[in-house]
Amino acid sequence: MKNISFLFVLILLVYSCASGPVYMATVESEAIKTQYASREAVHIHISNEKVIKEIYSRFSQLGINFVKDGLGIMPIKDEHDKTLYYLMVFIRPKEIRFDVNTTDPEKRLSEIVYIHLRKYLSHIKRSDVKDLDGLSFGLYWPVRDFSQCKEYGGFIEYAHFNIPKDELYSLLDGKKETREVLKVSEIIVSLNLEPPKSVRIEF
């Protein structure tokens with residue numbers, strides 16, 4: 001009976017106007033990550049703290065929300081098991097939301113990649129990653145039942161794009177298209193309430 005009751009509550013949260021978990025940071029202290037597993041990551045964060053705070057101010061002035069603990073440093077292992085340190089910028093733009101009744105996971109991810117990604121990447125500067133190895137850029141969005149409520153409820157999906165610094169520079173300088181950069185970048189997605197996984201985008 002308890003399991004049935006829990007399932008019923010979960011369904012109500014997904015397909016109603018219940019507010020559900022809050023993923024957005026409302027102030028700088030919620031957006032900027034402060035806890036790291038290694039001393040090296042802490043040191044690199046401190047070295048880049050001025051840039052991190054400036055990015056928070058830049059995006060906030062544009063009305064772009066951050067995910068909680070979504071701004072800071074992201075340690076990433078390369079193919080040789082070497083730890084690289086990327087600038088982490090995980091955002092949840094207000095304009096991005098999907099109707100669960102008229103879209104599927106593939107369609108939602110396609111719109112993120114083809115329509116929204118480049119727009120929000122344009123707010124990143126070359127100087128943001130000059131002392132780092134690349135950019136981990138995350139987009140988060142809600143999936144809701146619009147027939148019930150467009151503003152609340154539903155569940156969250158996301159895509160993280162781990163872009164090496166040289167590739168990011170080529171993109172920002174107009175030397176490469178987004179599709180070229182993504183072919184050599186790691187993409188991690190969580191769609192339709194499934195665990196995160198690495199994917200390749202077909203263009």
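Return the residues of the range 39-86 that are loosely packed, with under 13 Cβ neighbours inside 10 Å, among the basic types (Lys, Arg) and closer than 24 Å to SER185 by Cβ; say none if nothing qualifies.
Answer for the range 39-86, where residues must be loosely packed, with under 13 Cβ neighbours inside 10 Å, among the basic types (Lys, Arg) and closer than 24 Å to SER185 by Cβ: LYS77, LYS82.
Kindly indicate the residue of the range 169-203 that is more than 30 Å from ASN101 (Cβ to Cβ) and in contact with a strand residue (DSSP E or B) (Cβ under 8 Å, 6 or more places away or on another chain) and also surrounded by the fewest Cβ atoms within 10 Å (Cβ to Cβ) among those meeting that condition.
Among those residues, the one meeting the criterion is VAL184.
Quick one: HIS80 ticks every box in (1) assigned to a loop (DSSP other than H, G, I, E, B); (2) of a type outside the set (D, E, K, R); (3) modelled with pLDDT of 95 or more; (4) out of contact with any Pro (no Cβ under 9 Å at 6 or more places or on another chain) bar one, so which box is it?
All conditions are met except number (3).
Being touching a Phe, Trp or Tyr at 6+ places or on another chain (Cβ under 7 Å) and polar (S, T, N, Q) is the filter; apply it to the range 137-178 and report the residue that is modelled with the highest pLDDT.
Among those residues, the one meeting the criterion is ASN162.
Please work out if ASN101 is farther than 30 Å from LYS150 by Cα and touching a residue at least 12 places away in the same chain (Cβ under 8 Å).
Answer is no for this residue.
Please verify whether PHE98 is closer than 23 Å to VAL27 by Cβ and buried (at least 20 other Cβ atoms within 10 Å of the Cβ), treating the condition exactly as stated.
The answer is no for PHE98.
Filter the range 150-168 down to the residues that are over 16 Å from the mean Cα position of the chain (by Cα) and surrounded by fewer than 18 Cβ atoms within 10 Å (Cβ to Cβ) and list them by number.
Those that are over 16 Å from the mean Cα position of the chain (by Cα) and surrounded by fewer than 18 Cβ atoms within 10 Å (Cβ to Cβ): LYS150, GLU151, TYR152, ASP166.
Of all residues in the range 117-149, which are closer than 16 Å to ILE188 by Cα and either surrounded by fewer than 19 Cβ atoms within 10 Å (Cβ to Cβ) or not small (Gly, Ala, Ser) (or both)?
Result: LEU117, LEU135, PHE137, LEU139, TYR140, TRP141.
Could you tell me whether any residue of the range 35-44 is within 23 Å of SER122 (Cα to Cα) and outside any loop (DSSP other than H, G, I, E, B)?
no
Only residues in the range 104-115 that are in contact (Cβ under 8 Å) with a residue 24 or more places away in the chain count as the first member; pair them with residues that are part of a helix (DSSP H, G or I), Cβ under 9 angstrom, at least 6 apart or cross-chain, and list the lot.
If the second residue must be part of a helix (DSSP H, G or I), the pairs left are VAL113/THR178; VAL113/ARG179; VAL113/LEU182.
Does ASP69 qualify as being of a type in the set (Asp, Glu), part of a strand (DSSP E or B) and out of contact with any helix residue (DSSP H, G or I) (no Cβ under 6 Å at 6 or more places or on another chain)?
Spelling it out, ASP69 is indeed of a type in the set (Asp, Glu), part of a strand (DSSP E or B) and out of contact with any helix residue (DSSP H, G or I) (no Cβ under 6 Å at 6 or more places or on another chain).
The values are calculated or read from the model by the stated rules, or taken from the named source; none is laboratory data. Worth saying up front: this structure is predicted, and the values here are computed from it rather than measured. Cβ atoms come from the backbone with ideal geometry, glycine included; neighbour counts cover every protein chain shown.
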